[in-house]
Amino acid sequence: MDNLSFFVGVLGNFISVLVFLSPINTFCRIVRNKSTEEFESLPYICTLLNSLLWTYYGVTKPGAYLVATVNGFGVVVETIYIILFLTYASRKVKCKTAQLVVGLDIIVFAVAVLFTHFALDGDVRINAIGFLGAGLNIVMYGSPLAAMKTVVTTKSVEYMPLLLSFFLFLNGGIWCFYAILVKDPILGVPNGIGFFLGIVQLALYARYRNSTNSSSSVEPLLVSPPLPATF
């Protein structure tokens, strides 16, 4: 069982790296068109916060170096995404994005680190950080609900492409399976939700992928990347 859980954990880390890299097509389009168009920065800002929290968790918990490394990679990648977004966003969107970065990625993270470091210790501190990360994962796994509503109302999958939905499904599924193996409900709950939402998105994509309202000339876009929840 230990060997199986280790193998699934390593596989989960590999998939998490792919998840972090999944929005590359989106940002290639943004750079090419020199515009962020209708894309939102919030998913990337929240993903950065999530990666920061799990990197802190990995550094704090003994033996959790894999968590720190894969999410540290996520911090670097998401920071690059946000810089590119700020570079090509309109003035109004740029101001809004900057405010969100300061509020969430700097202030919220700093408060979380200071509170858990000075007010808590031992396993209580580790569990508190884990609950914060898991809670954010649940919120972020639910973020595609708006895109799913758009797909149903417009009958177009332009802004909810197959690759994103597949990564949400795969990432949630592998970490949910890992959580079952190691009996970790904190890990299992958010990723179980992500796995379910991934199935729903794949079903919607299959239903509306041939819709006449979808633009066949648009490349696959990755708008709201799912979060890798790694323990």
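What to note about this one:
- Mean sequence separation of contacting Cα pairs (under 8 Å, at least six apart), scaled by the length of the chain, corresponds to a relative contact order of 31 percent.
- DSSP loop GluC sites (Glu not before Pro) with at most 14 other Cβ within 10 Å: longest gap in the chain: 39-231
- Of the residues ILE15, VAL102, SER35, the one whose Cα sits farthest towards the positive end of the charge dipole of the chain is SER35 (charges of +1 on Lys and Arg Cβ, -1 on Asp and Glu Cβ, taken about the Cα centre).
- Extension gain for LYS183-ILE24 works out to 53.8 nm (0.36 nm per residue, less the C-alpha to C-alpha distance).
- A straight Cα-to-Cα reach below 28 Å connects LYS61 with the lysines LYS183, residues fewer than 8 places away in its own chain not being considered.
- Taking trypsin sites (Lys or Arg not before Pro) across region 1-59, the ones in a DSSP loop with at most 10 further Cβ atoms lying within 10 angstrom of their Cβ are LYS34.
- Crossing angle, helix 65-88 versus the chain [Cα axis fit, 0-90 degrees, rounded to tens]: 30
- Radius, Kirkwood style, for region 7-72 when every pair of distinct Cα atoms is counted (Å): 13.4
- Calculation over all alpha carbon pairs of region 38-84 in 10 angstrom steps from 0 returns a P(r) of 31, 46, 18, 4, 0 percent.
- Counted by Cβ distance under 15 Å from PHE131, the other residues give a net charge of 0, where Lys and Arg count +1 and Asp and Glu count -1.
- Dimensionless Rg/Rh of the chain - Kirkwood Rh, Rg from C-alpha atoms: 0.98
- Here the accessible area is traced with a 1.4 Å probe on the protein chains. For region 65-155, carbon and sulfur cover 75 percent of it.
- Expected 222 nm ellipticity per residue - DSSP helices of 4 or more, -39500 (n - 2.57), all of the chain, to 500: -24500 deg cm²/dmol
- The label point for ILE107 and the one for VAL139, both projected 7 Å from the Cα toward the Cβ, are 1.3 nm apart.
- Cα-derived Rg to Rh of region 34-155, Kirkwood definition: 1.03
- Added length on full extension, which subtracts the Cα-Cα distance from 0.36 nm per residue, PHE131 to ARG91: 10.8 nm
- Net charge of Cβ neighbours under 15 Å - reference VAL93; Lys, Arg +1; Asp, Glu -1: +2
The values are calculated or read from the model by the stated rules, or taken from the named source; none is laboratory data. Bear in mind that the values here come from a model prediction, so they are computed numbers and not experimental data. Note: ideal-geometry Cβ built from the backbone for every residue, glycine included; neighbour counts use all protein chains shown. These area figures cover heavy atoms from the full protein model, side chains too; ligands, DNA and RNA do not enter into them. Shrake-Rupley method; radii C 1.70, N 1.55, O 1.52, S 1.80 Å.
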